[in-house]
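**Student:** Let me begin by handing over the structure; questions about it come next.
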Amino acid sequence: MSAAQSSIPEDVAKSASDARDRLNEHTLKIVHWHFSEDTGSPFWLEKKSELGFAPLKDVKSFDDLKKFPHFEDEWLRGGPIQRWIPKGHAGKPVYVFETGGTTGIPKSRMVIEDHWKDYELFSDTLPDEHFPRGSNWLMLGPSGPRRLRLAVEHLAQHRGGICFCIDLDPRWVVKLIKKGWMEHLEEYKKHCIDQAVTVLTAGHDIKCMFATPKLLESLGEALEDRGTSLQEVGIKGIFSGGTEFTPQWTRFCVEELLGGPVEEGGVYMTPTYGNTLMGLACSKPVTAADGYKISYYAPQPRAVTEVVSFDDYNQVVGFGETGRVKLYTLTDEFFVPGFMERDEGEREAPFDMYPWDGVSGVRPFHELASATTVGVY
Amino acid sequence: MITLQPLRWGKPYESMEIKDVVHFDTGEPIAKFGSVGGGIVARDMKQAHKARAALLKHSTDELIAMSKKAAELFETAELPVGDSMQSVDQFVHQQSASTGLPEHMCRSNLKKNSFVLSHIDEILDCLTRGLDLDILSKGYGEEGRGVIVSYQAQTPVLGAILPNNSPGVHTLWLPAIPLQIGLALKPGSQEPWTPYRMVSAFIQAGVPAEAFGLYPGGHDAGGAIMTKTPRSMIFGSAETVAQHAGNPRVQAHGPGWSKILIGDDVVDDWELYLDMMVESVLSNSGRSCINCSGIWASRHTREIAAAIAKRIGPVDVLPPTDDNAQLAAFTVPAMATGTHAMVQQDLAESGVTDMTAEYGDKLIEREHCAYLRPMVVHADSPDRGVAMKEYMFPFVSVVECPQAEMLRRIGPTLVGTVLTRDPELVAAAGACVDIDRVNIGPIPTNRLNWLQPHEGNIIDFLFRSRAYQVADLPVAANA
């Protein structure tokens, strides 16, 4: 047992053990759903014959998911999208959300209600004090084929508010960067930010918002140029995500953009980590005392993150050690038994709020980092 | 271990994002630097006017005197750099360790930067053609012909995205301070040494610290400097230069494709110029934009190539502390292997000959770095792709081309040394808009006269000449 493991308080260890039991139970249920002839999706039912084991018999716990080959996101490129729809959900209205796609075929994920459920769970983590129920929202980020707009809008509605949306097309942003059209990039950003400023200053009683880190930065700057601030226009709480988040950026944001730490009257901001495959991981509360460390915890058991060894993707590293982020999605709509994210980070210990593994210091996986365009919007 | 933190208009900022500067050969960390993102840069640039205001409190004469003092300190003194005191020897050792440049080359770059700063009064006098520098401070003034002249500063600060591994380029931003223009610099991740030491020298010499911003960081920080400063310079590839072409806010410095052109009237005496050609190709490990990458002549090109090859072909890797070391390491080995692959493609073209083939393997791979040994390539025509190539190691193509076609076909040429007594060729070279700096006579391409402008006159970049008329106000009748 590592020093970090031995330092986990007894009550947290008990909660973690209970959570693990729930995860094992949930895993069995989900595997049964996706591999039963009457409920599973054509994709997994077809895949079953290639697996070399019988999921319905051989998967008895979460750890048994390691018997599956790693989920290849290439499987998500191209159609027919219908092959991903579980038969158990046949006939229900289906959304498709995409990721990538600046060039070539984007990865597509079909969704029925997962985005609503994910954001309802996320809603439970938002403090009412900073995200007042009934107040209106601003969504400043990518919409179009992305999940974000509909999800944030649902979050606002779920909390009794109305969501104002500003669109940003990340595929065009990536193209602008690749073409080196930096002036166009600036103008496009300004175009988005101008709309956001207009909405925020139009008397809509917007108190909560989502923005990507870069757009949040630009919005703060634009408001300051106009002699006001996020605080002054009435924003109380922000959740941010979509691109890389660092402690240094968070500190800058808190100290220079949000009017100081929340306990001193600054705007509350919480980082999130997620993608179309997994849903949304929340952050442990970020504080100056903790060096603005950002630790994400997946909404277990619907999704799980592990930090695994660079040499063996089935081997979880010790607490505090570095490895690659591995994702699992275990909902009745979508089954991902281990997908290797393009990120790495440090494994974090369970704590009372999230009694399961987390990941901190998330950054592009070092072997892929040079080829990855991060933080474009 | 020395830690370099960002400087926000003279105030050190303790970044939480600490990165390592590693030794090129061992991969061991030799320093740490804290980096910032574009948000911090953008915020600071809103206060850029204060940097100029702080400098305007001193006259240009005072700032020139401080610059000369800074030159002396930069070259000789122990200075506070980051959280440590840094001697000259430590500076040289650290710069060599992170950039892969031999130490004696680091010393000569140190002296070059110091030389420019110590002669800054003469340089400014030449670049402004004798203008009273108070006119730049005040914005207008009387030059002596009874006419007001006005030069309006176009920016309170000069931004600069500095290169990773070329310590010689820093001469280009040094004139900003005595011109009362502040500096917002993004140091290269492997060569933070010169900007940090130079800024320290300026501050120790009495220049207000508020005039300096040092923003180590990624593309994000660099992008913010370029977006938020009305005038910036960037050092990069041909793509970088193309990206900023025509943008009056940006001075982009990239490959030089510097050349030596030999006229028909002197080419039979080519051996007289061999030393000059070798120096132009080999100095500073061929890493500069002012290194010669093409030698063009109508005849004797094979003999010329063979003679240069004989001189530089045997040059081999030596330890960076060896005073005879001529080669700098590629600190990113993939750059060397990639460059080597490109050269192999060049050599595959018919009419292209590797004149250094007999001098052994060119690509020397080490665990953490790689080297490319010098190459001389002969091209039987300017149509060969290699005629327009420049690489980051001692590499030159000797191109056979009729004199009559030369100036039409050389393409962009930062430094063009033209060897001829033919007045027609001299006049044509002087008129050729593809050549930026023209040398008539045997001047190595790497030897710059700092009293002349380099890739545009920085005065024209930072100041705009404009009209400024003044008339007395009529006195009111009841006054």
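**Student:** Just a yes or no: is a residue in segment B:64-72 within 14 Å of chain A (Cβ to nearest Cβ) and basic (Lys, Arg)?
**Tutor:** no
**Student:** So, in segment A:282-300, exactly how many residues are more than 18 Å from A:Val111 (Cα to Cα) and away from chain B (no Cβ under 14 Å)?
**Tutor:** Summing the residues that are more than 18 Å from A:Val111 (Cα to Cα) and away from chain B (no Cβ under 14 Å) in segment A:282-300 gives 9.
**Student:** Filter segment B:349-386 down to residues that are of a type in the set (Gly, Ala, Ser) and in a strand (DSSP E or B) and give me whichever is nearest to B:Lys310 (Cα to Cα).
**Tutor:** B:Ala379
**Student:** I would also like to ask the following. Check every one of the helices (runs of 4 or more DSSP H) wholly within segment B:211-298 and list those with 1 or more residues that are in contact with a Ser or Thr (Cβ under 9 Å, 6 or more places away or on another chain) and not assigned by TED's automatic domain parsing to the domain that holds B:Asn165.
**Tutor:** Numbers: elements: B:219-228, B:238-244, B:274-282.
It comes to B:274-282.
**Student:** Here's a follow-up. Give just the number: which of (1) without any contact (Cβ under 8 Å) to a residue 24 or more places away in the chain; (2) crowded, with 17+ Cβ neighbours inside 10 Å; (3) part of a loop (DSSP other than H, G, I, E, B) does A:Leu176 not satisfy?
**Tutor:** (3)
**Student:** Just checking, which of B:Thr155, B:Thr99, B:Thr171 is over 18 Å from the mean Cα position of the chain (by Cα) and either in contact (Cβ under 8 Å) with a residue 12 or more places away in the chain or farther than 26 Å from B:Val241 by Cβ (or both)? Let's see the steps before the verdict.
**Tutor:** Details: B:Thr99 fails: over 18 Å from the mean Cα position of the chain (by Cα); B:Thr171 fails: over 18 Å from the mean Cα position of the chain (by Cα).
Only one candidate passes the filter, namely B:Thr155.
**Student:** While we're here: Here are A:Thr287, A:Thr272, A:Thr276, A:Thr243: which of them is among the β-branched types (Val, Ile, Thr), buried (at least 22 other Cβ atoms within 10 Å of the Cβ) and modelled with pLDDT under 95?
**Tutor:** Result: A:Thr276 is the single residue among A:Thr287, A:Thr272, A:Thr276, A:Thr243 that is among the β-branched types (Val, Ile, Thr), buried (at least 22 other Cβ atoms within 10 Å of the Cβ) and modelled with pLDDT under 95.
**Student:** Can I ask one more? How many residues are β-branched (Val, Ile, Thr), assigned to a loop (DSSP other than H, G, I, E, B) and touching a strand residue (DSSP E or B) at 6+ places or on another chain (Cβ under 7 Å) if we restrict to segment A:262-297?
**Tutor:** Matching residues across segment A:262-297 total 4.
**Student:** So, one more: Look through segment B:1-13, keep the residues that are in a loop (DSSP other than H, G, I, E, B) and at pLDDT 95 or above, and return whichever of them is farthest from the other protein chains (Cβ to nearest Cβ). Explain how you work it out, then say what you get.
**Tutor:** So in segment B:1-13, the residues in a loop (DSSP other than H, G, I, E, B) come out as B:1, B:5-6, B:9-10, B:13.
Among the residues that remain, those that are also at pLDDT 95 or above are: B:5-6, B:9-10, B:13.
On the way: B:Gln5: 12, B:Pro6: 10, B:Trp9: 14, B:Gly10: 17, B:Tyr13: 10 Å.
Selected residue: B:Gly10.
**Student:** So how many residues does segment B:113-130 have that are over 18 Å from B:Ala153 (Cα atoms) and out of contact with any His (no Cβ under 7 Å at 6 or more places or on another chain)?
**Tutor:** Matching residues across segment B:113-130 total 11.
**Student:** Also, I was wondering about something else. Do any strands (runs of 3 or more DSSP E) entirely within segment B:392-479 hold 3 or more residues that are surrounded by fewer than 16 Cβ atoms within 10 Å (Cβ to Cβ), and if so, which?
**Tutor:** Strands (runs of 3 or more DSSP E) meeting the threshold: B:463-466.
**Student:** Any residue that is closer than 30 Å to B:Trp296 by Cβ, within 14 Å of another protein chain (Cβ to nearest Cβ) and in contact with a strand residue (DSSP E or B) (Cβ under 7 Å, 6 or more places away or on another chain) - is there at least one of those in segment B:242-252? Reasoning before the result, please.
**Tutor:** Step one: list which residues in segment B:242-252 are closer than 30 Å to B:Trp296 by Cβ, which gives B:242-246, B:251-252.
Then keep just the ones that are within 14 Å of another protein chain (Cβ to nearest Cβ); that gives B:242-246, B:252.
This time we only want the ones that are in contact with a strand residue (DSSP E or B) (Cβ under 7 Å, 6 or more places away or on another chain), so: B:244, B:252.
Yes, the conditions are met somewhere in segment B:242-252.
**Student:** Can you tell which of A:Pro106, A:Pro86, A:Pro55 is farther than 22 Å from A:Thr276 by Cβ and crowded, with 18+ Cβ neighbours inside 10 Å?
**Tutor:** A:Pro55
**Student:** Run down B:Met85, B:Met105, B:Met66 and say which single residue is over 30 Å from A:Arg226 (Cα atoms), touching a His at 6+ places or on another chain (Cβ under 8 Å) and among the aliphatic types (A, V, I, L, M).
**Tutor:** Numbers: B:Met85 fails: touching a His at 6+ places or on another chain (Cβ under 8 Å); B:Met105 fails: touching a His at 6+ places or on another chain (Cβ under 8 Å).
None of the others qualify; the one that does is B:Met66.
**Student:** Does segment B:203-242 hold any residues that are in contact with a helix residue (DSSP H, G or I) (Cβ under 7 Å, 6 or more places away or on another chain) and either small (Gly, Ala, Ser) or farther than 29 Å from B:Gly82 by Cβ (or both), and which are they?
**Tutor:** B:Ala205, B:Gly206, B:Ala209, B:Ala211, B:Gly213, B:Ala221, B:Gly223, B:Ala224, B:Ser232, listed by residue number.
**Student:** When both residues are 6+ apart or on different chains and their Cβ atoms are under 7 Å apart, which pairs have a first residue that lies in segment B:330-347 and is in the same structural domain as B:Lys362 (by TED's automatic domain parsing) and in contact (Cβ under 8 Å) with a residue 24 or more places away in the chain, and a second that is of a type in the set (S, T, N, Q) and in a helix (DSSP H, G or I)?
**Tutor:** So the pair list comes out as B:Thr331/B:Thr99.
**Student:** Considering (1) away from chain B (no Cβ under 12 Å); (2) under 21 Å from A:Leu155 (Cα atoms), say which one A:Thr228 fails and leave the rest.
**Tutor:** So A:Thr228 meets the others, but not (2).
**Student:** Looking at segment B:28-47, which of its residues are more than 14 Å from chain A (Cβ to nearest Cβ) and touching a residue at least 40 places away in the same chain (Cβ under 8 Å)?
**Tutor:** B:Ile30, B:Ala31
**Student:** Next up: All but one of (1) more than 11 Å from chain B (Cβ to nearest Cβ); (2) surrounded by fewer than 23 Cβ atoms within 10 Å (Cβ to Cβ); (3) assigned to a helix (DSSP H, G or I) hold for A:Cys165; state the number of the condition that does not hold.
**Tutor:** Among (1) more than 11 Å from chain B (Cβ to nearest Cβ); (2) surrounded by fewer than 23 Cβ atoms within 10 Å (Cβ to Cβ); (3) assigned to a helix (DSSP H, G or I), the lone unmet condition for A:Cys165 is (3).
**Student:** Let me ask something else about it. If you go through segment A:205-218 one residue at a time, do you hit one that is within 11 Å of another protein chain (Cβ to nearest Cβ), touching a helix residue (DSSP H, G or I) at 6+ places or on another chain (Cβ under 6 Å) and aliphatic (A, V, I, L, M)?
**Tutor:** No; the residues of segment A:205-218 include none that is within 11 Å of another protein chain (Cβ to nearest Cβ), touching a helix residue (DSSP H, G or I) at 6+ places or on another chain (Cβ under 6 Å) and aliphatic (A, V, I, L, M).
**Student:** Going by the conditions given, is A:Ala196 free of Cβ contacts under 8 Å to residues at least 12 places away in the same chain and more than 14 Å from chain B (Cβ to nearest Cβ)?
**Tutor:** No, not satisfied.
The values are calculated or read from the model by the stated rules, or taken from the named source; none is laboratory data. All values reported here derive from a predicted model rather than from experimental measurement. Ideal geometry is used to build each Cβ from the backbone, glycine not excepted, and the neighbour counts take in all protein chains shown.
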